[in-house]
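One structure is given below, encoded as structure tokens.
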Amino acid sequence: MTVVRSTLSEEALGVTGTALQETLVDLLGLSLVGKQAHWNIVGPRFRSIHLQLDEVVETARAHSDTVAERAAALGVPPDGRPETVAATFALPGAKSGWLRDAEVVELTVAALGAAISRLRERIKATEQADPVTQDLLISITADLEKQRWMFEAENRAGDAG
């Protein structure tokens, strides 16, 4: 059943729909990784990183809603079901149990970096297919890069010259 008909060509819609669905899964998974780390972090930087993780989660959740609504507006039903996320999530995830603060920072930098890398591929893929979606992906990338920078700085204090 088609509820909404896209103004994009079938080919462009295929590329765009795939980019949006993959981004939705990455963002939903990233929010879960962030919450898992948020609940299990221990160490001297507990409080600051605990709170900083909430910013990542909020960013990922807000963007996941925007991505899902963009897909729906194009006539592509977004799939954020837990089983879909579990089956297709490809970013680094948290191990079970307590996580040292430095581990959380490394995990968050790695997960954000992987998400950004995947977004950059989708930005290229959607350039011709749908510049509106490309613009959305660029905006998400900028926000995730800001979060990655803030986390990467957490473990680099001793490296400053």
By residue number, the members of the stretch 1-59 that are small (Gly, Ala, Ser), over 11 Å from the mean Cα position of the chain (by Cα) and part of a helix (DSSP H, G or I) are 12, 14, 17, 19, 37, 48
Cβ pairs under 7 Å, 6+ apart or interchain, first in the stretch 116-142 and open to solvent by 50 Å² or more (accessible area, probe 1.4 Å) and β-branched (Val, Ile, Thr), second at pLDDT 95 or above and assigned to a helix (DSSP H, G or I), ordered by first then second residue, are 138/123
Only one of 88, 84 is at pLDDT 95 or above, within 28 Å of residue 9 (Cβ to Cβ), among the β-branched types (Val, Ile, Thr) and open to solvent by 40 Å² or more (accessible area, probe 1.4 Å), namely 88
All-but-one check, residue 12 against (1) among the aliphatic types (A, V, I, L, M); (2) more than 29 Å from residue 107 (Cα to Cα); (3) open to solvent by less than 10 Å² (accessible area, probe 1.4 Å), failing number (3)
Of the residues in the stretch 60-81, those that are open to solvent by less than 20 Å² (accessible area, probe 1.4 Å) and in a loop (DSSP other than H, G, I, E, B) come to 74
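This table checks each residue for (1) free of Cβ contacts under 8 Å to residues at least 12 places away in the same chain; (2) hydrophobic (A, V, I, L, M, F, W, C).
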residue	(1), (2)
8	no, yes
13	no, yes
16	no, no
21	no, no
26	no, no
41	no, yes
45	no, no
65	yes, no
69	yes, no
Of the residues in the stretch 16-55, those that are surrounded by fewer than 20 Cβ atoms within 10 Å (Cβ to Cβ) and of a type in the set (Val, Ile, Thr) number 2
Filtering the stretch 97-113 down to residues that are part of a helix (DSSP H, G or I), open to solvent by less than 30 Å² (accessible area, probe 1.4 Å) and in contact (Cβ under 8 Å) with a residue 40 or more places away in the chain yields 101, 104, 105, 107, 108, 109, 111, 112
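The values are calculated or read from the model by the stated rules, or taken from the named source; none is laboratory data. Please read these numbers as outputs of a predicted model, since none were measured by experiment. All Cβ positions, even for glycine, are placed from backbone atoms using ideal geometry, and neighbour counts span all protein chains on display. These accessible areas exclude ligands, DNA and RNA; they are computed on the full protein's heavy atoms, side chains included. Shrake-Rupley method; radii C 1.70, N 1.55, O 1.52, S 1.80 Å.
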